[in-house]
């Protein structure tokens, strides 16, 4: 009578396969949880922290200015009450009411103004420079160094995140002609009216932030004459940084503090 032989080597191989499958499954589940936590951190936590920090900075600036919260009305569509000023009209009004003194140069990465967009319910600090770590990731809007300051002839150009880290410019694609954009400083509030939008251009399209803003990639978008402009830039499409979305406006009024 033949005694059956147990194939231990086959059992061992089967056990090893099961262990490998189990370990692989655990690793996939762990990786999925880590990715989920990263997404939550980027989409929720960074927004929460950046918005809180930006709000505190706005309040601090207002205390410094003694404004106690001024700025524009946060309700309504924010349409302009008057047509954009011509280059000459804007020059006369701005120079006539502010004098010849120029504001001191802002310190790099330091917030020195507040950007208000009533249609979007947005009220966010403006800091000098567009450093991600020191400006944009704090939920601030960054001023392109080398472009003009608020109310000056030329182009006051700023950038902001569209997604994560406070995402102040997430909805600037919703802005329409004549919507108001206000820039509050220690000396005055400058009101611009949205004029034109460039839906998409290259991230290297430097023409959009020049003194006379005009796209180098899509020359049909922009201006040909000097003026008092504001430029808002952000990434597009959402959750990418491949292209830039640009919104332009013209100065329509200023109000000294």
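Bear in mind these aren't lab numbers, they're just calculated from the coordinates by the rules spelled out. Only a predicted model underlies this, so the values are computations on that prediction, with no experimental measurement involved. Cβ atoms come from the backbone with ideal geometry, glycine included; neighbour counts cover every protein chain shown.
A Förster distance of 25 Å, applied to the separation of the beta-carbon atoms of residue 203 and residue 52, puts the FRET efficiency at 0.30. What whole number of Å gives the distance from the Cα centroid of segment 141-176 to the Cα centroid of segment 227-248? Segment 227-248 and segment 141-176 have Cα centres spaced 8 Å from each other. Among 140-149, 207-216, sorting by the average number of other beta carbon atoms lying within 10 angstrom of each residue, highest first, gives 140-149, 207-216. Based on the Cβ-Cβ distance from residue 60 to residue 255, what FRET efficiency comes out when R0 is 35 Å, to the nearest 0.05? After rounding to 0.05, the efficiency reads 0.95.
In this simple spin-label approximation, residue 17 and residue 176 carry label points 7 Å from Cα along the Cα→Cβ vector, and these lie 6.5 nm apart. Gain on full extension, evaluated as 0.36 nm per residue between residue 145 and residue 105 minus their Cα-Cα distance, stands at 13.4 nm. Residue exposure proxy: 138, 132, ordered by other Cβ atoms within 10 angstrom of their Cβ from fewest to most, comes out as 132, 138.
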